[in-house]
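To start, the structure itself, in C-alpha coordinates.
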Amino acid sequence: MIPYVNEPADIVIPAHLLPGDGRFGAGPSKVRPEAVAALSAVADTYLGTSHRQKTVKSVVGSLREGLRSLFSLPEGYEVMLGNGGATYFWDAATFGLIERKSQHLVFGEFSSKFAAAAKAAPFLDDPEVITSDVGTHPEAVTHGDVDLYALTHNETSTGVMMPIRRPEGSAGLVAVDATSAAGGLRVDAEQFDAYYFAPQKCFGSDGGLWVALLSPAAQDRIRSIAETGRWTPASMDLSIALENSVQDQTYNTPALATLFLFDHQVQWYNENGGLEFSAGRSDRSAEILYTWAENTGFATPFVTREQDRSHVIATIDFEEGIDAATVAKVLRANGIVDTEPYRKLGRNQLRIAMFPAIDPEDIAAVCGAINYVVGALG
Ligand SMILES: *Cc1c(COP(=O)(O)O)cnc(C)c1O
(Lines give C-alpha, C1' and ligand atoms only; values in the text may rest on other atoms or scores of the structure.)
Protein backbone atom coordinates (compact mmCIF):
# COMPACT_ATOMS: atom_id res chain seq x y z
CA MET A 1 0.00 0.00 0.00
CA ILE A 2 1.08 3.57 -0.65
CA PRO A 3 1.47 5.34 2.69
CA TYR A 4 -0.43 8.61 3.03
CA VAL A 5 2.76 10.66 2.81
CA ASN A 6 5.97 9.48 1.18
CA GLU A 7 9.36 10.62 2.38
CA PRO A 8 10.70 12.68 -0.55
CA ALA A 9 13.93 10.69 -0.56
CA ASP A 10 12.00 7.47 -1.16
CA ILE A 11 10.10 8.59 -4.23
CA VAL A 12 11.18 6.71 -7.32
CA ILE A 13 9.68 7.99 -10.56
CA PRO A 14 8.80 4.99 -12.77
CA ALA A 15 11.18 4.65 -15.70
CA HIS A 16 8.43 5.03 -18.31
CA LEU A 17 7.65 8.52 -16.98
CA LEU A 18 11.24 9.78 -17.23
CA PRO A 19 12.45 12.02 -20.07
CA GLY A 20 15.09 10.72 -22.47
CA ASP A 21 17.42 13.48 -21.29
CA GLY A 22 17.19 14.94 -17.80
CA ARG A 23 18.77 18.37 -18.35
CA PHE A 24 16.35 21.28 -18.01
CA GLY A 25 18.61 24.01 -16.67
CA ALA A 26 18.52 27.64 -17.80
CA GLY A 27 22.23 27.53 -18.59
CA PRO A 28 24.51 25.79 -18.89
CA SER A 29 21.87 23.70 -20.55
CA LYS A 30 21.55 20.51 -22.53
CA VAL A 31 24.35 19.89 -24.99
CA ARG A 32 23.20 17.53 -27.72
CA PRO A 33 24.99 14.15 -27.65
CA GLU A 34 25.32 14.36 -31.44
CA ALA A 35 27.42 17.52 -31.04
CA VAL A 36 29.64 15.90 -28.42
CA ALA A 37 30.13 12.86 -30.66
CA ALA A 38 31.05 15.11 -33.60
CA LEU A 39 33.58 16.91 -31.42
CA SER A 40 35.02 13.64 -30.26
CA ALA A 41 35.39 12.51 -33.87
CA VAL A 42 37.60 15.50 -34.76
CA ALA A 43 39.32 15.78 -31.39
CA ASP A 44 42.75 14.59 -32.55
CA THR A 45 43.08 17.09 -35.35
CA TYR A 46 41.11 20.02 -33.94
CA LEU A 47 41.49 20.28 -30.15
CA GLY A 48 44.87 21.51 -29.06
CA THR A 49 45.66 23.25 -32.35
CA SER A 50 46.41 26.92 -32.96
CA HIS A 51 43.50 29.31 -33.20
CA ARG A 52 45.55 31.39 -35.64
CA GLN A 53 45.57 28.54 -38.17
CA LYS A 54 43.06 27.46 -40.76
CA THR A 55 41.54 24.53 -38.83
CA VAL A 56 40.14 26.71 -36.07
CA LYS A 57 39.59 29.80 -38.20
CA SER A 58 37.40 27.75 -40.51
CA VAL A 59 35.17 26.81 -37.56
CA VAL A 60 34.92 30.49 -36.57
CA GLY A 61 34.19 31.33 -40.20
CA SER A 62 31.53 28.64 -40.41
CA LEU A 63 30.00 29.88 -37.17
CA ARG A 64 29.88 33.49 -38.36
CA GLU A 65 28.39 32.45 -41.70
CA GLY A 66 25.90 30.15 -39.96
CA LEU A 67 24.71 32.91 -37.63
CA ARG A 68 24.41 35.32 -40.55
CA SER A 69 22.11 32.85 -42.24
CA LEU A 70 20.19 31.80 -39.10
CA PHE A 71 19.27 35.41 -38.31
CA SER A 72 18.90 36.48 -41.97
CA LEU A 73 21.26 39.38 -41.31
CA PRO A 74 20.84 42.25 -43.76
CA GLU A 75 23.73 43.46 -45.91
CA GLY A 76 26.41 45.19 -43.87
CA TYR A 77 25.70 43.48 -40.55
CA GLU A 78 28.67 41.75 -38.90
CA VAL A 79 29.04 38.86 -36.47
CA MET A 80 31.49 39.85 -33.73
CA LEU A 81 32.75 37.56 -30.98
CA GLY A 82 35.10 37.45 -28.05
CA ASN A 83 35.85 35.83 -24.72
CA GLY A 84 34.06 36.42 -21.45
CA GLY A 85 30.35 35.67 -21.88
CA ALA A 86 27.35 38.01 -21.85
CA THR A 87 28.34 39.57 -18.52
CA TYR A 88 31.65 40.59 -20.00
CA PHE A 89 29.88 42.11 -23.00
CA TRP A 90 27.95 44.48 -20.68
CA ASP A 91 31.25 45.89 -19.47
CA ALA A 92 32.68 46.05 -22.99
CA ALA A 93 29.51 47.79 -24.22
CA THR A 94 29.76 50.28 -21.36
CA PHE A 95 33.17 51.23 -22.73
CA GLY A 96 32.57 50.92 -26.42
CA LEU A 97 28.90 51.08 -27.42
CA ILE A 98 27.29 53.74 -25.21
CA GLU A 99 28.28 57.21 -26.32
CA ARG A 100 26.91 59.21 -23.40
CA LYS A 101 23.55 58.06 -22.09
CA SER A 102 21.66 54.77 -22.20
CA GLN A 103 18.12 53.74 -21.32
CA HIS A 104 17.57 50.33 -19.71
CA LEU A 105 14.41 48.30 -19.39
CA VAL A 106 14.81 46.45 -16.10
CA PHE A 107 12.51 43.57 -15.25
CA GLY A 108 14.66 41.04 -13.49
CA GLU A 109 18.13 40.15 -12.35
CA PHE A 110 19.88 40.05 -15.72
CA SER A 111 18.44 43.24 -17.15
CA SER A 112 19.39 45.10 -13.97
CA LYS A 113 23.06 44.28 -14.37
CA PHE A 114 23.81 46.18 -17.57
CA ALA A 115 22.01 49.18 -16.06
CA ALA A 116 24.24 48.94 -12.99
CA ALA A 117 27.37 48.75 -15.15
CA ALA A 118 26.36 51.86 -17.11
CA LYS A 119 25.51 53.73 -13.92
CA ALA A 120 28.91 52.95 -12.41
CA ALA A 121 30.88 54.21 -15.45
CA PRO A 122 32.35 57.62 -14.57
CA PHE A 123 32.58 58.71 -18.23
CA LEU A 124 28.84 58.24 -18.94
CA ASP A 125 25.81 60.24 -17.86
CA ASP A 126 23.53 58.44 -15.44
CA PRO A 127 21.35 56.04 -17.42
CA GLU A 128 17.57 56.15 -17.55
CA VAL A 129 16.18 53.04 -15.91
CA ILE A 130 12.59 51.98 -16.56
CA THR A 131 11.43 49.15 -14.35
CA SER A 132 8.33 47.01 -14.10
CA ASP A 133 7.14 44.39 -11.64
CA VAL A 134 8.69 40.93 -11.91
CA GLY A 135 6.59 38.80 -14.23
CA THR A 136 6.01 41.73 -16.63
CA HIS A 137 8.21 43.88 -18.88
CA PRO A 138 8.45 47.66 -19.31
CA GLU A 139 8.26 49.55 -22.62
CA ALA A 140 11.00 51.83 -23.92
CA VAL A 141 10.30 55.57 -24.01
CA THR A 142 11.93 57.52 -26.83
CA HIS A 143 14.12 60.37 -25.59
CA GLY A 144 16.34 62.53 -27.77
CA ASP A 145 19.37 62.36 -25.50
CA VAL A 146 19.41 58.54 -25.25
CA ASP A 147 22.02 57.09 -27.61
CA LEU A 148 21.50 53.42 -26.69
CA TYR A 149 18.36 51.53 -25.65
CA ALA A 150 19.17 48.39 -23.67
CA LEU A 151 16.49 45.74 -24.10
CA THR A 152 16.37 42.10 -23.00
CA HIS A 153 14.68 39.64 -25.32
CA ASN A 154 14.10 37.07 -22.59
CA GLU A 155 14.53 37.77 -18.86
CA THR A 156 15.86 34.42 -17.72
CA SER A 157 15.30 35.08 -14.02
CA THR A 158 11.52 35.54 -14.37
CA GLY A 159 10.56 33.77 -17.61
CA VAL A 160 9.29 36.90 -19.37
CA MET A 161 9.92 37.50 -23.08
CA MET A 162 9.33 40.73 -24.95
CA PRO A 163 9.10 41.53 -28.65
CA ILE A 164 12.13 43.37 -30.05
CA ARG A 165 11.12 46.61 -31.75
CA ARG A 166 12.90 49.89 -32.20
CA PRO A 167 11.38 52.53 -29.92
CA GLU A 168 9.25 54.68 -32.18
CA GLY A 169 11.10 57.64 -33.67
CA SER A 170 14.31 56.88 -31.79
CA ALA A 171 17.73 57.67 -33.20
CA GLY A 172 19.66 55.70 -30.55
CA LEU A 173 21.10 52.25 -31.02
CA VAL A 174 19.04 49.25 -29.90
CA ALA A 175 21.20 46.76 -27.96
CA VAL A 176 19.50 43.52 -26.98
CA ASP A 177 20.60 41.04 -24.36
CA ALA A 178 19.50 37.87 -26.12
CA THR A 179 21.58 35.46 -24.07
CA SER A 180 18.74 33.04 -23.36
CA ALA A 181 16.64 34.04 -26.39
CA ALA A 182 18.93 33.92 -29.40
CA GLY A 183 18.13 30.86 -31.48
CA GLY A 184 14.97 30.06 -29.54
CA LEU A 185 12.85 33.16 -30.17
CA ARG A 186 12.15 34.86 -33.49
CA VAL A 187 13.67 38.27 -34.14
CA ASP A 188 13.85 40.71 -37.04
CA ALA A 189 17.41 41.99 -37.48
CA GLU A 190 16.11 45.33 -38.82
CA GLN A 191 14.89 46.00 -35.27
CA PHE A 192 18.26 45.84 -33.53
CA ASP A 193 21.78 47.24 -33.76
CA ALA A 194 23.50 44.84 -31.37
CA TYR A 195 21.96 41.46 -30.53
CA TYR A 196 24.31 39.76 -28.10
CA PHE A 197 24.39 36.40 -26.38
CA ALA A 198 26.51 33.53 -25.07
CA PRO A 199 26.36 29.94 -26.37
CA GLN A 200 25.44 27.96 -23.23
CA LYS A 201 21.67 28.42 -23.62
CA CYS A 202 19.85 28.03 -26.95
CA PHE A 203 23.09 27.14 -28.68
CA GLY A 204 23.73 24.01 -26.65
CA SER A 205 27.39 24.73 -26.08
CA ASP A 206 29.49 25.89 -23.16
CA GLY A 207 29.85 29.32 -21.56
CA GLY A 208 32.68 31.82 -21.69
CA LEU A 209 32.16 33.28 -25.16
CA TRP A 210 30.08 36.24 -26.31
CA VAL A 211 28.68 36.98 -29.74
CA ALA A 212 27.16 40.22 -30.96
CA LEU A 213 25.30 40.67 -34.24
CA LEU A 214 26.02 44.25 -35.27
CA SER A 215 24.26 46.63 -37.63
CA PRO A 216 26.35 49.10 -39.65
CA ALA A 217 25.30 51.83 -37.17
CA ALA A 218 26.64 49.80 -34.24
CA GLN A 219 29.93 49.22 -36.07
CA ASP A 220 30.19 52.96 -36.76
CA ARG A 221 29.53 53.70 -33.08
CA ILE A 222 32.28 51.28 -31.99
CA ARG A 223 34.79 52.85 -34.37
CA SER A 224 33.84 56.42 -33.53
CA ILE A 225 34.14 55.88 -29.77
CA ALA A 226 37.55 54.26 -30.33
CA GLU A 227 38.60 57.33 -32.36
CA THR A 228 37.72 59.70 -29.53
CA GLY A 229 40.42 58.00 -27.47
CA ARG A 230 38.25 56.94 -24.52
CA TRP A 231 40.53 54.80 -22.36
CA THR A 232 39.50 51.15 -22.70
CA PRO A 233 41.32 48.01 -21.54
CA ALA A 234 42.39 46.19 -24.71
CA SER A 235 40.54 42.95 -23.86
CA MET A 236 37.31 45.01 -23.56
CA ASP A 237 37.88 47.13 -26.63
CA LEU A 238 35.11 46.33 -29.08
CA SER A 239 37.01 47.94 -31.94
CA ILE A 240 39.78 45.36 -31.42
CA ALA A 241 37.20 42.56 -31.14
CA LEU A 242 35.58 43.69 -34.39
CA GLU A 243 38.90 43.87 -36.21
CA ASN A 244 39.70 40.29 -35.16
CA SER A 245 36.21 38.94 -35.81
CA VAL A 246 36.12 39.98 -39.45
CA GLN A 247 39.27 37.88 -39.86
CA ASP A 248 37.57 34.89 -38.20
CA GLN A 249 39.66 35.27 -35.08
CA THR A 250 39.33 36.38 -31.49
CA TYR A 251 41.67 38.84 -29.75
CA ASN A 252 42.91 36.16 -27.37
CA THR A 253 42.62 32.38 -27.21
CA PRO A 254 39.04 31.06 -27.31
CA ALA A 255 37.76 27.71 -26.01
CA LEU A 256 37.94 25.51 -29.10
CA ALA A 257 35.46 22.90 -27.86
CA THR A 258 32.92 25.65 -27.15
CA LEU A 259 33.30 27.06 -30.65
CA PHE A 260 32.87 23.63 -32.21
CA LEU A 261 29.74 22.69 -30.24
CA PHE A 262 28.28 26.13 -30.95
CA ASP A 263 28.91 25.85 -34.70
CA HIS A 264 27.49 22.32 -34.71
CA GLN A 265 24.26 23.54 -33.14
CA VAL A 266 23.93 26.44 -35.59
CA GLN A 267 24.40 24.00 -38.45
CA TRP A 268 21.76 21.72 -37.00
CA TYR A 269 19.31 24.63 -36.94
CA ASN A 270 20.17 25.80 -40.44
CA GLU A 271 19.99 22.34 -41.97
CA ASN A 272 16.50 21.86 -40.58
CA GLY A 273 14.95 25.15 -41.59
CA GLY A 274 16.70 27.83 -39.54
CA LEU A 275 15.09 29.97 -36.89
CA GLU A 276 11.61 28.72 -37.83
CA PHE A 277 12.75 25.21 -36.94
CA SER A 278 14.55 26.07 -33.71
CA ALA A 279 11.98 28.56 -32.41
CA GLY A 280 9.26 26.13 -33.50
CA ARG A 281 10.65 23.50 -31.14
CA SER A 282 10.55 25.95 -28.24
CA ASP A 283 7.01 26.99 -29.23
CA ARG A 284 5.92 23.37 -29.06
CA SER A 285 7.53 22.82 -25.67
CA ALA A 286 5.96 26.02 -24.32
CA GLU A 287 2.52 25.01 -25.50
CA ILE A 288 2.87 21.63 -23.79
CA LEU A 289 4.19 23.03 -20.53
CA TYR A 290 1.83 26.00 -20.12
CA THR A 291 -1.19 23.94 -21.12
CA TRP A 292 -0.24 21.38 -18.49
CA ALA A 293 0.27 24.09 -15.82
CA GLU A 294 -3.09 25.66 -16.56
CA ASN A 295 -4.83 22.33 -16.31
CA THR A 296 -3.30 20.99 -13.11
CA GLY A 297 -5.01 21.89 -9.89
CA PHE A 298 -1.74 22.72 -8.16
CA ALA A 299 0.36 24.78 -10.57
CA THR A 300 -0.04 28.02 -12.53
CA PRO A 301 2.22 29.92 -14.91
CA PHE A 302 3.91 32.70 -12.91
CA VAL A 303 3.68 35.19 -15.81
CA THR A 304 0.10 36.41 -16.10
CA ARG A 305 -0.07 37.78 -19.64
CA GLU A 306 0.06 34.99 -22.16
CA GLN A 307 2.09 36.99 -24.70
CA ASP A 308 4.75 37.68 -22.04
CA ARG A 309 5.23 34.01 -21.15
CA SER A 310 8.62 32.97 -22.39
CA HIS A 311 8.83 30.15 -24.91
CA VAL A 312 12.37 29.31 -23.78
CA ILE A 313 12.14 29.57 -19.96
CA ALA A 314 8.99 28.61 -18.07
CA THR A 315 8.40 29.70 -14.49
CA ILE A 316 5.64 27.72 -12.81
CA ASP A 317 4.21 28.62 -9.40
CA PHE A 318 2.97 25.91 -7.06
CA GLU A 319 0.07 26.23 -4.64
CA GLU A 320 0.94 26.74 -1.00
CA GLY A 321 0.54 23.14 0.13
CA ILE A 322 3.22 21.91 -2.26
CA ASP A 323 6.82 22.82 -1.67
CA ALA A 324 8.40 23.37 -5.09
CA ALA A 325 11.89 23.02 -3.62
CA THR A 326 11.01 19.51 -2.46
CA VAL A 327 9.61 18.66 -5.89
CA ALA A 328 12.83 19.90 -7.50
CA LYS A 329 14.86 17.81 -5.06
CA VAL A 330 12.92 14.63 -5.86
CA LEU A 331 13.23 15.33 -9.60
CA ARG A 332 16.97 15.81 -9.17
CA ALA A 333 17.33 12.54 -7.27
CA ASN A 334 15.60 10.90 -10.23
CA GLY A 335 17.94 12.43 -12.81
CA ILE A 336 15.76 15.42 -13.81
CA VAL A 337 18.10 18.28 -12.94
CA ASP A 338 18.20 22.07 -12.60
CA THR A 339 14.47 22.78 -12.29
CA GLU A 340 15.08 24.92 -9.19
CA PRO A 341 13.76 28.51 -9.46
CA TYR A 342 15.96 31.57 -9.75
CA ARG A 343 17.04 31.95 -6.16
CA LYS A 344 16.67 35.71 -5.77
CA LEU A 345 13.12 35.66 -7.08
CA GLY A 346 12.19 33.83 -3.90
CA ARG A 347 9.00 32.17 -5.15
CA ASN A 348 7.50 28.73 -4.60
CA GLN A 349 8.10 27.74 -8.19
CA LEU A 350 10.02 25.61 -10.68
CA ARG A 351 11.92 27.05 -13.63
CA ILE A 352 12.19 24.81 -16.65
CA ALA A 353 14.21 25.55 -19.79
CA MET A 354 12.61 24.85 -23.15
CA PHE A 355 15.60 25.63 -25.35
CA PRO A 356 15.47 24.13 -28.86
CA ALA A 357 17.92 21.33 -27.97
CA ILE A 358 15.42 20.02 -25.43
CA ASP A 359 12.94 17.62 -27.01
CA PRO A 360 9.30 18.71 -26.65
CA GLU A 361 8.52 15.08 -25.77
CA ASP A 362 10.88 15.40 -22.83
CA ILE A 363 9.00 18.50 -21.68
CA ALA A 364 5.82 16.43 -21.79
CA ALA A 365 7.58 13.74 -19.77
CA VAL A 366 8.63 16.26 -17.12
CA CYS A 367 4.99 17.34 -16.72
CA GLY A 368 4.04 13.72 -16.10
CA ALA A 369 6.95 13.23 -13.72
CA ILE A 370 5.91 16.30 -11.70
CA ASN A 371 2.34 15.00 -11.52
CA TYR A 372 3.70 11.73 -10.19
CA VAL A 373 5.93 13.39 -7.58
CA VAL A 374 3.17 15.68 -6.36
CA GLY A 375 0.83 12.69 -6.09
CA ALA A 376 3.42 10.69 -4.21
CA LEU A 377 4.11 13.52 -1.77
CA GLY A 378 0.45 13.32 -0.89
C1 LIG B 1 22.65 33.72 -18.66
C2 LIG B 1 22.37 35.15 -18.95
C3 LIG B 1 23.35 36.15 -18.83
C4 LIG B 1 24.73 35.85 -18.31
O5 LIG B 1 25.46 35.11 -19.23
P6 LIG B 1 27.00 34.76 -18.93
O7 LIG B 1 27.47 34.17 -20.22
O8 LIG B 1 27.01 33.83 -17.78
O9 LIG B 1 27.69 36.04 -18.61
C10 LIG B 1 23.03 37.43 -19.16
N11 LIG B 1 21.79 37.75 -19.59
C12 LIG B 1 20.81 36.84 -19.70
C13 LIG B 1 19.46 37.25 -20.18
C14 LIG B 1 21.08 35.51 -19.38
O15 LIG B 1 20.10 34.59 -19.49
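In summary, residue 3 fulfils each of the numbered conditions (1) assigned by TED's automatic domain parsing to the domain that holds residue 216; (2) at pLDDT below 95 with the single exception of condition (1).
Remark: pairs (first residue in region 176-201, surrounded by fewer than 24 Cβ atoms within 10 Å (Cβ to Cβ); second residue of a type in the set (Lys, Arg); Cβ separation under 7 Å; 6+ apart in sequence or on different chains) = 191/165; 191/166.
Would you kindly identify the strands (runs of 3 or more DSSP E) lying entirely within region 160-217 that contain at least 3 residues that are within 11 Å of the ligand (Cβ to nearest atom)? Steps first, answer last, please.
On the way: elements: 173-177, 194-197, 209-214.
By residue number, 209-214.
Among the criteria (1) surrounded by 24 or more Cβ atoms within 10 Å (Cβ to Cβ); (2) more than 15 Å from the ligand (Cβ to nearest atom), the one residue 225 does not fulfil is (1). Among the conditions (1) under 30 Å from residue 81 (Cβ atoms); (2) in contact (Cβ under 8 Å) with a residue 12 or more places away in the chain, residue 301 misses just one, which is (1).
The set of residues from region 90-110 being of a type in the set (S, T, N, Q) and either crowded, with 24+ Cβ neighbours inside 10 Å or over 22 Å from residue 143 (Cβ atoms) (or both) comprises 102, 103. Taking the criterion of being closer than 25 Å to residue 90 by Cβ, surrounded by fewer than 22 Cβ atoms within 10 Å (Cβ to Cβ) and small (Gly, Ala, Ser), the residues of region 235-273 that qualify are 235, 239, 255, 257.
Among the candidates 181, 241, 212, 150, which residue alone is in contact with a His (Cβ under 9 Å, 6 or more places away or on another chain) and within 22 Å of residue 258 (Cβ to Cβ)? Reasoning before the result, please.
Working: 241 fails: in contact with a His (Cβ under 9 Å, 6 or more places away or on another chain); 212 fails: in contact with a His (Cβ under 9 Å, 6 or more places away or on another chain); 150 fails: within 22 Å of residue 258 (Cβ to Cβ).
From the options 181, 241, 212, 150, the qualifying one is 181.
For region 78-109, a tally of residues being out of contact with any strand residue (DSSP E or B) (no Cβ under 8 Å at 6 or more places or on another chain) and among the polar types (S, T, N, Q) returns 2. Within region 302-343, the set of residues being part of a loop (DSSP other than H, G, I, E, B), more than 20 Å from residue 136 (Cα to Cα) and among the polar types (S, T, N, Q) comprises 334, 339.
A residue that is basic (Lys, Arg) and within 16 Å of the ligand (Cβ to nearest atom) occurs somewhere in region 15-27.
Only one of the listed residues (177, 206, 248) is over 23 Å from residue 115 (Cβ atoms), among the charged types (D, E, K, R) and within 17 Å of the chain's Cα centre (by Cα). That residue is 206.
Residue 366 passes all but one of (1) of a type outside the set (Asp, Glu); (2) over 27 Å from residue 268 (Cβ atoms); (3) in a helix (DSSP H, G or I); which number fails? Only one criterion is unmet by residue 366, namely (2). The criterion of at least 1 residues that are within 15 Å of the ligand (Cβ to nearest atom) is met, among helices (runs of 4 or more DSSP H) falling completely within region 36-149, by 85-96, 109-120.
Results for (1) free of Cβ contacts under 8 Å to residues at least 40 places away in the same chain; (2) within 24 Å of the chain's Cα centre (by Cα); (3) surrounded by fewer than 24 Cβ atoms within 10 Å (Cβ to Cβ), shown as yes or no for each residue.
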site: 275; (1), (2), (3): no, yes, yes
site: 288; (1), (2), (3): no, yes, yes
site: 297; (1), (2), (3): yes, no, yes
site: 306; (1), (2), (3): yes, yes, yes
site: 312; (1), (2), (3): no, yes, no
site: 359; (1), (2), (3): no, yes, yes
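The values are calculated or read from the model by the stated rules, or taken from the named source; none is laboratory data. Fair warning: this is a prediction, and the values are worked out from it, not measured in the lab. Note: ideal-geometry Cβ built from the backbone for every residue, glycine included; neighbour counts use all protein chains shown.
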